[in-house]
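To start, the structure itself, in C-alpha cells.
Nothing in this text is a laboratory measurement; each read-out follows from the coordinates by a stated rule. Since we're looking at a predicted model, the values are computed, not measured. Cβ coordinates were reconstructed from backbone atoms using ideal geometry, including for glycine residues, and neighbour counts include every protein chain displayed.
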Amino acid sequence: MTLQKLFRSLPLIVFAVCFISLATIPALAQSGDKPAQAAPDETNLDTQLYLLVGTNQESETTRLPAVLDPVIKQLHATLSFKSYRLAATLINRVKNEGRLSLRWVGGPLAQGGAGPSTPSFSEFKVNAVKLVTDNRGQQAVRMENFSFGARIPIQTSSAVASNSPGAPIFNYESTGLNTDISMREGEPVVVGTLNIGPSGDAIILVVSAKRTAQ
C-alpha cells in the first residue's frame, strides 16, 4: 500500500475503532454495574392462637397444653378467675411478611344455657407477620393489625309456652379487639381479654409464632 493510499484510508480506520469502542463501553458498564439480585425470602412461620375462657362458675376441669403453663401462672397472678378452659386452638402457617385470615364456627364460648344449637362465630386476621430483631438483638415476631372478633349467643329471655318450660331466647352480640403486638419467637403471650356476657366469663387470647423447621 502506498503512503498516499494509507493517508486516504486512515480516517475510516479511526472511525471504525471509535465506533467499536463506543459500542463496547456501555455493554461493559452494564455487565459491571448490574447488582446481584438477592434470593427471595422463603421463610415460613407457624402461628398458634389459643382461646382460653376464664370463669368463676363450676366447670369441668380440662388439662391445658404444657406450653401454656407460664401463661396460666401469669393469669392466676393477675386475674381473679377460679379456672381456665381451652375453647379452641388454631395452628396456621404463614410466609414471613405475609398475611393471615380465617373464620370458623365453634362451640359456645360463654356458659349459661347455650348449646350446640347456638354456636359462636369467630374471625382472626393479621395484616402482616414479620420476623424482626428487637433492641437487644434477639429474634422476635411482629404482628401488624392483629384482629380478633366473635359473635356470641347471649340469653336475653325465655319464650312462654303453655304446659312446658320456657325455651331460652338468644341474641348474638359482637366482641373483639384490634392491636399491633410483638413477641419473642416461640413464646406464648397474652394479647388481651374480652368479657362475654352476664356470667362474668372472659375470653383470653394467647398467641405465639416461630419459624418452621423446613
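The table that follows gives values for the structure above.
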| item | result |
| --- | --- |
| Around Ile203: net Lys/Arg minus Asp/Glu count, Cβ-Cβ under 15 Å | -1 |
| Computed label-point distance, nm, for sites Asp46 and Gln139 using a 7 Å Cα→Cβ extension | 1.4 |
| Residues whose placed amide H lies under 5 Å from that of Glu97, excluding near-sequence neighbours | Val129, Lys130, Leu131 |
| Solvent-free Debye scattering, log10 I(q)/I(0), computed from the Cα coordinates of the range 44-211 at q = 0.10, 0.11, 0.17 Å⁻¹ | -0.42, -0.50, -1.05 |
| Within-15-Å neighbourhood charge of Glu187 [Cβ basis; K, R +1; D, E -1] | +2 |
| Neighbourhood charge, 15 Å Cβ-Cβ cut-off, centred on Ile91 and excluding it, Lys, Arg +1 and Asp, Glu -1 | +2 |
